[in-house]
Amino acid sequence: MEPELMRDLAHKAAELVVEWSEGLSEKDAWEGEFKKELEEQFMEDAPENGRSATEVLEQAAREILPIATRLSHPRTFAFIPSSPTWPGVLADFMAAGYNINSATWLTASGPSQIELTVIDWFRRWLGYPSGAGGLLTSGGSAASLNALVAAREAAGNPEQGTVYMSDQSHTVQVRAAKIVGVRSEHIRMIPCDQCFRIDMKALAHAVDEDLAAGLNPIAVCANAGTSSTGAIDPLEAMADFCEKRGIWLHVDAAYGGFAVVTEKGKTLLRGIEHADSVVLDAHKWFFQPYEAGGLMVKDIRTLERTFTIHHDVLQDTLWGADHPNFSDHGLQLSRSFRALKIWMSVQTFGMAAFRKAVAKGMELANRAGEYVEEHKNFELLSPVTLSVVCFRINPAEAHLDEKALEEINRAVLARVFWDDRALMSSTTLGKTFSLRLCILNHMTTWNDVYETLETIERFGKEALEDQK
């Protein structure tokens with residue numbers, strides 16, 4: 001394309017995105033469409049001849065991109081939402097425009113140094129030693145897989161390997177364990193206490209039983225903020241346990257890890273610095289666009305020993321120990337330049353702004369938890385640890401059984417989904433159906449949370465009336 005047209009199209013694309021962002025809070029937090037309708041609209045042969053690029057941009061902006069969960073919406077409280085900074089968005093545009101492949105130092109010296117810088121920020125925030133390191137990944141799934149491959153190799157690639165995690169752990173840990181060769185029956189799901197933290201006695205019993213049976217523990221997976229409740233496992237006790245038994249400790253901090261940049265978060269996550277590996281997702285609580293996962297290891301050599309494999313066609317990329325290749329740290333060779341968005345965002349706003357934004361999520365969640373406890377129609381179902389609030393409609397005077405309560409709360413969830421601007425999700429705690437708010441967006445206000453809780457309470461009252 002001619003440079004002038006390139007500029008015009010880039011300007012048009014930016015206009016469309018800014019226009020979308022400006023009006024986002026007035027829209028619903030979710031919009032979807034049935035597959036049949038979308039197939040009729042888009043399932044066609046690739047065109048033989050092109051059309052106006054402006055027209056294509058407009059169609060993408062009006063007919064495709066809005067038909068999704070609006071993860072940046074200040075009232076998106078479902079799952080683990082994301083609210084990227086504008087410098088982060090621009091960084092992805094620039095990295096794509098410069099067509100960076102962050103595979104090796106030869107292909108991307110400047111970008112590789114920026115990734116090393118960002119990784120060192122993570123290292124300091126976690127409290128890791130100077131020999132620690134890592135790499136940026138697509139997300140927590142890839143990071144966990146890389147970590148468990150390293151854990152398996154560190155254990156000597158044993159047969160009959162076992163992996164341990166709580167029954168609140170994210171399914172990506174199970175998937176990663178299966179991919180690295182752990183049989184399904186050797187993935188131990190350890191029960192939790194009343195606060196949804198792993199039961200240390202049950203963990204010790206499971207490990208001792210497996211050792212006595214001739215099995216080989218590869219890793220223990222700890223949670224630093226579960227997706228369901230935000231619960232944090234006893235990290236210091238788990239680190240001591242794993243060190244004494246020589247077992248790799250892997251911490252899933254994909255959601256909760258960036259709380260460590262705040263004083264409160266650093267206290268809550270005490271012990272994370274002893275883990276052999278930690279997963280962090282900057283596209284969650286560090287306000288970056290997808291994809292921005294990350295893996296940190298206490299000793300960078302554990303990744304290098306696992307993933308460094310000589311390849312003749314890449315022999316010219318070997319610049320020595322002072323010029324690391326990120327392809328030697330994980331499963332990807334071709335890699336996008338993910339670090340730029342984190343670097344540009346922090347350089348633009350400074351860490352004081354990030355600490356304030358992370359702390360705001362915790363403050364709003366604590367306030368929402370207090371609101372739930374103060375209102376007789378609500379029941380708080382787990383402690384508010386980070387920024388997740390689990391609760392349900394349960395008026396004490398109604399004396400409802402569990403089946404009736406679940407029906408009412410499912411009805412409330414559906415009403416919010418279809419009839420309110422907000423979007424929330426649910427989880428199951430033990431056998432209890434729970435409504436769930438996850439508050440991460442730096443644009444969310446108390447009014448957003450308050451009005452959503454008021455609406456939930458109103459829908460709950462109406463659902464109770466319908467049952468009478």
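Our Cα-only numbers for the chain put the radius of gyration and Dmax at 23.8, 76 Å.
Suppose a student asked you for the relative contact order of the stretch 1-160, using Cα pairs under 8 Å spaced at least 6 residues apart; what percent would you report? Spell out each step's value before the answer.
Details: 63 pairs, mean separation 25.1, N = 160.
Computed value for the stretch 1-160: 16 percent relative contact order.
Here the chain is assigned +1 on the Cβ of each Lys and Arg and -1 on the Cβ of each Asp and Glu. Its dipole about the Cα centre then comes out at about 1200 debye.
Over the chain, what percent of the accessible surface lies on carbon and sulfur atoms, probe 1.4 Å? Please report the intermediate quantities before stating the final value.
Details: 11820 of 22470 Å².
In the chain, the share of accessible area belonging to carbon and sulfur is 53 percent.
Here the relative contact order of the stretch 228-314, from alpha carbon pairs under 8 Å that lie six or more residues apart, stands at 25 percent.
Backbone amide hydrogens, once placed in the peptide plane, bring Asp167 within less than 5 Å of Ile190, Cys192, excluding anything fewer than 5 places away on its chain. Placing dummy labels 7 Å off each Cα toward the beta-carbon, the span from Glu37 to Met443 is 2.4 nm. The stretch 297-333 and the stretch 48-121 have Cα centres separated by 26 Å.
Each Cα pair under 8 Å and six or more residues apart adds its separation to the average, and for the stretch 102-184 the resulting relative contact order is 24 percent. Averaged over its residues, the stretch 197-251 has an accessible area of 38 Å² per residue, based on protein heavy atoms and a 1.4 Å probe.
For the pair Arg124 and Val17, the difference between a 0.36 nm per residue extended length and the Cα-Cα distance amounts to 35.1 nm.
Excluding ligands, DNA and RNA, the accessible surface per residue across the stretch 283-327 is 54 Å² with a 1.4 Å probe. Comparing Ser336, Ser184, Thr262 along the charge dipole axis of the chain, the residue lying farthest to the positive side is Thr262, per the Cβ-charge model. Determine the shape class of the stretch 151-214: with a ≥ b ≥ c the square roots of the Cα gyration tensor eigenvalues, call it rounded for a/c under 1.5, and otherwise prolate if a/b is greater than b/c, oblate otherwise. It is oblate, given that a/c is not under 1.5 and a/b is not larger than b/c. For the stretch 145-275, the number of Lys pairs with C-alpha atoms closer than 26 Å, counting only pairs eight or more positions apart or on separate chains, is 5. Note on the stretch 3-151: percent of Cα-Cα distances in each 10 Å bin, starting at 0 and stopping at the bin with the largest distance, equals 8, 24, 30, 26, 10, 1.
Could you give the accessible area per residue of the stretch 366-435, probe 1.4 Å, as a whole number in Å²?
Values: 3350 Å² over 70 residues.
Dividing the accessible area of the stretch 366-435 by its residue count gives 48 Å².
Rounded to the nearest 0.05, the FRET efficiency derived from the C-beta distance between Glu4 and Glu63 at R0 = 30 Å is 0.65. Taking a straight line from the alpha carbon of Lys461, these lysines sit under 18 Å away, with near neighbours fewer than eight places off in the same chain left out: Lys376, Lys403.
The values are calculated or read from the model by the stated rules, or taken from the named source; none is laboratory data. Quick caveat: nothing in here was measured; it's all calculated off a predicted structure. Virtual Cβ from ideal backbone geometry, glycine too; neighbours counted across all protein chains shown. What goes into the accessible areas is simple: the full protein's heavy atoms, side chains included, and nothing from ligands, DNA or RNA. Shrake-Rupley method; radii C 1.70, N 1.55, O 1.52, S 1.80 Å.
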